[in-house]
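Here is the structure we will look at.
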Ligand SMILES: [Fe+2]
């Protein structure tokens, strides 16, 4: 059986665990967290508190041509990482941390290099950023350089900015117990919205409020996950596609009094995808949205998918854990990583983050290259 498929929505869907009963009974046209907090929230950035507008409905997404700016980037990173900046690796294969760079001031050349750096390092944390203090539209304009903004089908958003996806949770001991009542761990590996025909690429998440300790995010390197497989399994996976579904997320949202802003979709994507800039191959399945392998019988699909997801989940030797701090912006390449929030604090502190989610190309694969050929190439 493929693990953790049914339990993987808490990270993605930002309907809070505890819904105000008055609100859910009355089914308001617009639900605002700030009103539920009595109109004067303790949030550091109240303009970013989630709003769910039940009358909001968007048409299906149309295909578009994505040109990845990483292709144009100068690999010396001279416009992104000036002499006074510092970059250090968090682990050998995934994760870097940068200080001394102000993302909002980057030139186009610097942004191109950012796309390349993130593709290479998979996830990069930038400290001391002014991103959360910018007008929301300016933050969106910055993110829009990297691709067309995705509007999440079930997310709460800052009022008037549906392109921002919000993560919002005040975790106290009671909610923590409820959250873990039916499962052993909060770890819920997923890549964001892979049910879309063109899932996100360079993806931005920035902290607005967070617990003093806890609420980290972990990332796994899906390129390394592919690399670790035997040649026989790699070769067999090429040519296979998997079904990615947004239906369960939509159902879960409606069940909890949330919204369904766009009709859910399913898409088939190659199990091994190639990154358009680095040429690296990555395992492209995730516990959040990948449901089955096309052309296999149920038991076969469950067994193979279950193996692949367990393989990714236990790859501590190709994962990086990001500890949030005020003014941190984390950028990952959603094509070659999966991630999970860690719900482990019980203090009632607010964990509030905003995501900007540029969509990228439709996943594609390139032919299997036998190991010997790669070495001699
Ligand atoms: Fe996510």
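Would you mind getting me the FRET efficiency between residue 299 and residue 64? Use the beta-carbon distance for r and R0 = 45 Å, nearest 0.05.
The calculated FRET efficiency here is 0.75.
Among 289, 64, 204, rank each residue by its count of other Cβ atoms within 10 Å, from fewest to most, as a rough exposure measure.
Ascending Cβ contact count within 10 Å gives the list 64, 204, 289.
Once a ≥ b ≥ c are taken as the square roots of the eigenvalues of the Cα gyration tensor of segment 71-148, is the result rounded (a/c under 1.5), prolate (a/b larger than b/c) or oblate (a/b not larger than b/c)?
prolate
Going by a ≥ b ≥ c, the root eigenvalues of the Cα gyration tensor, does the chain fall in the rounded group (a/c under 1.5), the prolate group (a/b larger than b/c) or the oblate group?
oblate
Based on the Cβ-Cβ distance from residue 174 to residue 88, what FRET efficiency comes out when R0 is 45 Å, to the nearest 0.05? Present the calculation step by step, with values, prior to reporting the outcome.
On the way: r = 39 Å, r/R0 = 0.87.
With R0 = 45 Å, the Cβ-Cβ based efficiency is 0.70.
Could you check the spin-label model distance between residue 185 and residue 268? Points 7 Å from the Cα along Cα→Cβ, value in nm.
It works out to 3.2 nm between the two label points.
Calculate, for residue 230 and residue 344, the FRET efficiency according to 1/(1 + (r/R0)^6) with r their C-beta to C-beta distance and R0 30 Å; round to the nearest 0.05.
Approximately 0.30, to the nearest 0.05.
Mind telling me which of 286, 184, 171 comes out most flexible in a GNM of the chain, alpha-carbon contacts under 10 Å?
Between 286, 184, 171, it is 184 that shows the largest mean-square fluctuation.
Taking the simple approach of a point 7 Å from Cα along Cα-to-Cβ for both residue 364 and residue 74, what is their distance in nm?
Distance between the two pseudo-spin positions: 2.8 nm.
Pick from 183, 122, 111: which residue has the top mean-square fluctuation in a GNM of the chain where Cα pairs under 10 Å get a spring?
Between 183, 122, 111, it is 183 that shows the largest mean-square fluctuation.
How many angstrom lie between the Cα centre of segment 177-233 and the Cα centre of segment 52-118?
If we compute the Cα centre of each part, the gap is 18 Å.
Classify segment 260-377 as rounded, prolate or oblate from the Cα gyration tensor: take a ≥ b ≥ c as the square roots of its eigenvalues, call it rounded if a/c is under 1.5, otherwise prolate when a/b beats b/c and oblate if not.
prolate
Could you please rank 107, 274, 202, 194, placing first whichever residue has the fewest other Cβ atoms within 10 Å of its Cβ?
Fewest to most other Cβ atoms nearby, the residues stand as 107, 274, 194, 202.
Computed from the coordinates by the stated procedures, all read-outs in this text should not be read as laboratory data. All of these numbers come straight from a predicted model, not from anything done at the bench. We place every Cβ from the backbone using ideal geometry, glycine too, and count neighbours over all the protein chains shown.
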